[in-house]
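Any read-out appearing in this document is the output of simple, stated calculations on the displayed coordinates, not a laboratory observation. Every value quoted in this text rests on a predicted model; they were computed, and no experiment measured them. FYI the Cβ positions are ideal-geometry reconstructions off the backbone, even for glycines, and counts take in every protein chain you see.
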Amino acid sequence: MKRILFFAVLICGGCGVPDLVRGRSAAGEEIQTHLYALEIENAWVDEPQATGGAFAVLGGDLLVVTATGRIFLLRAGAEAAEFLDETVPMNLSAWEANESFPQKEYSHFRVADILLKAHSQERFELFVTHHFATEDCVRFRLSSTFVERSSPEVPGSEAAVTVLPSWRTVFDADPCIDGFLSEESGGRMVTDGPDHLLVQIGDHGRDGWSTGPYRRTPLSDDPDSHFGKLLRVAVDTGETEIVAIGFRNPQGLVRDADGRLWATDHGPQAGDELNLVEPGAHYGWPRASYGVEYGRRASLPIGYERMGRHDGFREPAFAWVPAIGISNLVVNDEHSFPLWKDDLLVASLKDGLLFRLRRSGGIVRYAEEIRGLRSIRDLAWMPDGRLAVLFPHEGNRVAFLSRSTAYCDEASRETRDVYAAHCESESPAAEDPSSEEQRSQVTAERLYDRHCGSCHGSDLERHGPDGPSLSGVIGRRAGSADGYSFSTAFASLDLVWTEDELVRLLVNPQLFAGGSMMQLSVTEAEARTIVDFLATASER
């Protein structure tokens with residue numbers, strides 16, 4: 001049996017950002033995981049320790065927005081991010097000037113999430129959930145502006161990225177928050193068709209549990225409040241509808257390949273939840289929870305009869321007792337980690353944990369703890385198959401997790417070892433082609449193997465482990481192949497595959513097929529080479 005190791009950076013507890021090891025990590029602390037060895041590369045954003053912030057993939061780069069709203073671009077391969085001279089409009093000065101706002105809660109005033117919606121390969125709409133201070137209270141707001149990425153004037157140079165200052169308010173949540181600002185803000189977003197977003201909003205501590213001057217009537221199941229809800233928001237008009245209720249501090253939201261919607265939610269001192277969200281459902285808070293009131297040694301009902309159970313409410317698909325400080329989640333990138341097929345990766349703000357949840361449809365079978373990280377605020381898959389991880393308490397350190405190159409040995413490549421499926425294959429010297437045509441054919445095969453082979457398989461006549469047969473794909477209607485069940489993203493496409501359409505798909509799968517789980521990083525020239533290879537192979 002192979003020995004599976006996790007290669008991590010050795011970081012001393014309490015060290016400042018300048019003392020952290022930069023660049024690609026060497027093999028260090030060894031942590032056992034169940035199926036894969038991982039390596040870490042690090043990069044930094046120039047921002048003090050913070051409790052919020054988020055990032056989103058922009059081409060092969062990362063757009064990072066810090067808790068205080070400063071916007072950075074972390075380019076592929078760079079060790080440090082560049083400030084883009086634009087900031088989310090939060091009106092921080094009004095918060096600082098209002099003596100009635102407890103300054104000790106300053107860290108609760110923050111950016112919660114960001115989302116990029118592609119309008120073209122050069123223009124993206126940036127959505128941000130964040131707090132905004134008025135003279136009298138604090139709003140929870142959804143704002144938007146545009147990000148433009150120009151094509152490089154010189155081949156090989158970097159594209160210029162600009163965040164436009166033309167911010168608009170899409171939606172303000174009700175009520176406006178007076179005084180006490182708790183950390184239960186939620187704020188995660190996903191797209192829901194071309195014109196809507198699904199937005200989580202936490203209850204901001206208005207749960208009826210707090211004592212003293214901050215005690216508030218529960219708002220999670222109040223139909224006149226947006227707090228503690230999952231909302232569907234029209235991006236053009238800001239009109240909202242309530243999708244589901246009964247949430248406390250929802251910080252993760254993702255849709256899987258089958259269209260199921262998964263959400264995470266913080267419980268109080270235990271009871272962190274993974275929920276399978278269905279329209280119209282009530283998920284219990286604050287009337288039902290596996291958690292207990294902070295400081296209590298035992299679960300007391302506090303006037304509610306169902307504490308400790310979910311009788312009469314929608315139960316979570318999985319829960320953590322004690323709490324893990326649950327954060328965002330992603331669906332596994334099956335191209336990079338085929339043995340994690342259909343798994344969810346769930347981030348934790350406590351104990352340096354990342355959880356891998358094995359699912360069977362809507363049922364969670366087990367949870368694996370992956371240790372050796374730090375407090376995780378956000379997760380995102382890069383087009384090259386690496387998992388980007390945001391550590392907010394270390395100057396917004398961004399780590400990129402990939403499968404260990406220890407598996408990329410010649411023997412593994414020759415046997416197409418599943419652990420080395422991501423490694424670039426080498427052609428034996430004896431097979432080195434002499435003609436330009438042969439060399440082009442080998443290049444095309446390598447590109448196909450690198451970007452498509454692990455999902456679609458090397459035999460084009462058969463369905464691969466995670467993709468349909470590509471034999472005769474040109475001229476075939478999208479979402480149709482005998483014996484293969486397509487995701488909604490492809491089944492809903494109304495087109496017949498041409499070479500140009502396939503090139504467009506490979507260059508930007510998410511823009512071409514909204515909701516697609518394909519993660520690729522190929523140039524237009526590489527995409528054209530792959531498509532030519534498929535066309536030639538089909539003719540043989």
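Give me, ordered by chain and number, the residues 5 or more places off GLY208 or on other chains with an amide H under 5 Å from its own placed amide H.
ARG216
Using Cα pairs under 8 angstrom and six or more residues apart, how large is the relative contact order of the range 303-363, in percent?
After rounding, I find 26 percent.
Taking the Cα centre of the range 62-200 as origin, sum charge times position over the Cβ atoms of Lys and Arg (+1) and Asp and Glu (-1), and report the length of that vector in debye to the nearest 20.
That gives the range 62-200 a dipole magnitude of about 260 debye.
Would you work out the charge dipole size for the range 254-295 about its Cα centre, treating the Cβ of every Lys and Arg as +1 and the Cβ of every Asp and Glu as -1, and quote it to the nearest 20 debye?
So the magnitude is around 100 debye.
Which GluC sites (Glu not before Pro) in the range 91-134 sit in a loop by DSSP (not H, G, I, E or B) and have at most 16 other Cβ atoms within 10 Å of their own Cβ?
Here the sparse-neighbourhood loop sites are GLU99, GLU122.
For SER93 and SER107 in the same chain, what is the full-extension length gain: residue separation times 0.36 nm, less their Cα-Cα distance, in nm?
3.6 nm
Net charge near GLU369: determine it from the other residues with C-beta under 14 Å of the C-beta of GLU369, scoring Lys and Arg +1 and Asp and Glu -1.
Around GLU369, the charge tally is 0.
Amide H to amide H, which residues 5 or more places from VAL243 or on other chains are under 5 Å from it, using H placed in the peptide plane?
Here LEU230, LEU231, ARG232 satisfy the definition.
In what sequence, highest mean first, do 321-334, 82-95, 476-489 appear when ranked by Cβ atoms within 10 angstrom?
Ranking, from highest mean packing down: 321-334, 82-95, 476-489.
Whole-Hz ³J(HN,Hα) for each residue in the range 328-344, computed from phi via Karplus 6.51 cos²θ - 1.76 cosθ + 1.60 with θ = phi - 60°, x for glycine and proline: what do you get?
Computed from phi, the couplings for the range 328-344 are 6, 8, 9, 7, 4, 7, 6, 5, 7, 10, x, 6, 9, 3, 6, 7, 9 Hz.
As an exercise, use a Förster radius of 41 Å and the Cβ-Cβ distance of ASP224 and ASP532 to find the FRET efficiency, rounded to the nearest 0.05.
0.10
Each label point is 7 Å from the Cα along the Cα-to-Cβ direction; what then is the distance between the points at SER492 and ARG476, in nm?
Computed distance between label sites SER492 and ARG476 equals 2.2 nm.
Take peptides 222-235, 240-253 and line them up by average Cβ neighbours within 10 Å, highest first, as a rough protection proxy.
Descending mean neighbour count gives 240-253, 222-235.
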